[in-house]
Amino acid sequence: MSKIQIYDTTLRDGSQAEGISFTINDKVKIARKLDEAGVHYIEGGWPGSNPKDKEFFALMQKTPLKHAKLAAFSSTRKKGITAAEDLNYKDLIAAKTPVVCIFGKTWDMHVTDVLKTTLEDNLEIIRDSVAFLKSKKKEVVYDAEHFFDGYKSNPEYALKTLKSAADAGADILVLCDTNGGSLPEEVAGVITEVREVIATPLGIHTHNDMDLAVANSLAAVESGCIQVQGTFNGFGERCGNADLSTIIAVLSSKMDYKTIPDAKLKDLKDIAYYISEVANLPIADNHPFVGHSAFAHKAGVHIDAILKNSKAYEHIDPSTFGNHRRFITSELAGKMPFVMKAEQMDVKMDKASPEAKAMLKALQEKELQGYQFEGADASFELFVKKFLKKYKPFFKLEGFRVHTEKSAEGRAWAEATLHIEVKGSRQFSSADSVGPVEALDRALRNSLLQFYPTLKDMHLTDYKVRVLDTKDGTAAKVRVLIESQDEHDTWTTVGVHENIIEASWEALVDSVEYKLLKDAKK
Ligand SMILES: [Zn+2]
């Protein structure tokens, strides 16, 4: 079984994703998590390009990583000066990392039109940059930017740039599909040709502009690359980078390569969620292996078949990477989801049992009122628990009041006051915010946190309102869906009422109770 080096660049390339803005503390947290996960390299940032990254590296010197090697990133040196004179390289060395990664130009068009120098000079820039860093006893990762585009344009020159880096002592040459426009066959073909003339080990760095970053990385590994660079969840500029959560899963479960330690593979989903949580960027529900819906079954015939043999509609055991199977309730699925949920709660029930029939009837009544549990699995679980009398509330509402105000100058805000009873004690709190639901959420947490401290780890990630059709001429009902997330999971809850605040409250309470139930199971 050959070993593939996992080189994570979530903190550098990943931070270029729209919507991501890591604080130094975020970066430290992610680095520690990746270190724990057993990735081999962690690229922390570009010390020469911004003060935040410089400070990150200073911080990391105080408490070094335990397993992974930390890498600092930069480009080849500026033209017209030596690497020793380049201030960027002073910062790069000052980062005191065992590994440095520099990118250089491969594509002749980039050399003449972007770098605005001669092809010969670029070769010297690469040589001088790598040689200088080697003289400082660094492990040098050389990223050949736009390698595949450059090779297509001028293969001879592209190979010369690699040779310059290799001759100067680069430890690994990483071929980059920077624009993400290459096909797996092209990647494999080019790498095979490169390997005929270059003896230095090769790595791969791909972007996802054609949704092929994972496929291209796998093709590269099959063609002999020993290192894969990418980001967790595929976070990155434009369409993102090669997604390490998928790549690690595929390499280790389908292709017989060793990536992170075997014992850590079952943490893959947790790692992906943790990073999403710190990055404040959600993972797509349909994300392979680790997504919320990756093993969610909805069609009745599928559910039926899965229960007979899980291989019927699952290519792999969901628990391999820490995920789990879910059955989605809907008219399509019939009674099966109840039977499954009941089983998870240690209640034996079969499709034909009177309980299952009664529960289905109760569910259909709820659906008539406008509830939809299909997109609200957490509320569904609570519904089943309540029906089976397996549910004990964590607190009792005595009453709340929410009001919103708008001033003549245009400022709008809301305030919520709340009375609840928790574990026999009466609690009062109030909170304000821009909107009424957030004010209510804050007031509720204020009261609950001292009793249930894990609530600080969850937050609401999405809030959707839909006005439901009414045929009976009464006031229109609204359905509120709230999505919440913590470091391990995401879950959705639902509330329905003519009053939007009441519908929101219902979904909010389900969300909090689901979190508390989940934590109580641990
Ligand atoms: Zn990149």
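The values are calculated or read from the model by the stated rules, or taken from the named source; none is laboratory data. Bear in mind that the values here come from a model prediction, so they are computed numbers and not experimental data. All Cβ positions, even for glycine, are placed from backbone atoms using ideal geometry, and neighbour counts span all protein chains on display. Each accessible area value is taken on the protein alone, full model and side chains, heavy atoms only, with ligands, DNA and RNA left out. Shrake-Rupley method; radii C 1.70, N 1.55, O 1.52, S 1.80 Å.
Compute log10 of I(q)/I(0) for region 407-452 with the Debye formula, placing one identical point scatterer on every Cα and leaving out solvent, at q = 0.18, 0.22, 0.24, 0.26 Å⁻¹, to two decimals.
These q points yield log10 I(q)/I(0) values of -0.53, -0.69, -0.77, -0.85.
When the Kirkwood hydrodynamic radius is evaluated over all pairs of different C-alpha atoms of region 3-153, what value in angstrom, to one decimal, is obtained?
One decimal place: 16.1 Å for the Kirkwood radius.
Cα axis of helix 244-254 to longest principal axis of the chain: angle in degrees, 0 to 90, nearest 10?
It is inclined by approximately 90 degrees.
Where only protein heavy atoms count, and the probe is 1.4 Å, what is the accessible area per residue for the chain in Å²?
Averaged over the residues of the chain, the accessible area is 45 Å².
Can you give me the Cα centroid spacing of region 226-282 and region 420-439 in angstrom?
Centre-to-centre (Cα) distance: 39 Å.
Considering only protein heavy atoms, what is the solvent-accessible area of K396 at a probe of 1.4 Å, reported in Å² to the nearest 10?
Here the residue's solvent-accessible area equals roughly 120 Å².
Using the alpha-carbon atoms, what tilt in degrees (0 to 90, nearest 10) does helix 500-521 show relative to the longest principal axis of the chain?
70
Under the rule a/c < 1.5 gives rounded, and otherwise a/b versus b/c splits prolate from oblate, where does region 371-453 land using the Cα gyration tensor?
Judged from the Cα gyration tensor, region 371-453 comes out oblate (a/c at least 1.5, b/c at or above a/b).
In deg cm²/dmol, rounded to 500, what helix-only [θ] at 222 nm does the chain give when every DSSP H run of at least 4 residues adds -39500 (n - 2.57) and the total is split over its residues?
Result for the chain: -12000 deg cm²/dmol, rounded to the nearest 500.
For region 143-214, which trypsin sites (Lys or Arg not before Pro) pass both filters: DSSP loop (anything but H, G, I, E, B) and at most 12 other C-beta atoms within 10 Å?
none
With a ≥ b ≥ c taken as the square roots of the eigenvalues of the C-alpha gyration tensor of region 271-420, please select rounded if a/c is under 1.5 and otherwise prolate if a/b is larger than b/c or oblate if it is not?
In terms of gyration-tensor shape, oblate.
Where the centre of each part is set by its Cα atoms, how far does region 481-511 sit from region 345-416, in angstrom?
8
Can you pull the Kirkwood radius for the chain, inverse mean 1/r over Cα pairs, to one decimal in Å?
About 25.9 Å for the chain.
Provide the three semi-axes, in whole Å and in decreasing order, of the ellipsoid equivalent to region 39-121 as defined by the square roots of 5 times the Cα gyration tensor eigenvalues.
After scaling each eigenvalue by five and taking roots: 28, 14, 10 Å.
Please label the shape of region 145-247 as rounded, prolate or oblate, based on the square roots a ≥ b ≥ c of the eigenvalues of the alpha-carbon gyration tensor (a/c under 1.5 means rounded; beyond that, a/b larger than b/c means prolate, else oblate).
Since a/c reaches 1.5 and a/b is larger than b/c, the shape of region 145-247 is classed as prolate.
Could you work out the relative contact order of the chain, using alpha carbon pairs under 8 angstrom and six or more residues apart, expressed as a whole percent?
10
Could you list the trypsin sites (Lys or Arg not before Pro) in region 36-70 that lie in coil according to DSSP, counting only those with at most 10 other Cβ atoms within 10 Å of their Cβ?
When the trypsin sites (Lys or Arg not before Pro) of region 36-70 are filtered for loop state and at most 10 Cβ neighbours within 10 Å, K66 remain.
Leaving out ligands, DNA and RNA, what percent of the accessible area of region 389-446 is carbon and sulfur, probe 1.4 Å?
49
Tally up the carbon and sulfur contribution to the accessible surface of region 252-388 as a whole percent, 1.4 Å probe, everything protein left in place.
Solvent-exposed carbon and sulfur of region 252-388 make up 52 percent of the total.
With axes computed from alpha carbons, what is the tilt in degrees of helix 377-387 against the longest principal axis of the chain, rounded to the nearest 10 within 0 to 90?
Between helix and principal axis, roughly 30 degrees.
Ranked highest first by the average count of other Cβ atoms within 10 Å around their residues, in what order do 260-272, 97-109 fall?
Packing order, densest peptide first, comes out as 97-109, 260-272.
How large is the charge dipole for the chain, taken about the Cα centre, if only the Cβ atoms of Lys, Arg (+1) and Asp, Glu (-1) carry charge, to the nearest 20 debye?
In debye, rounded to 20, the chain gives about 1740.
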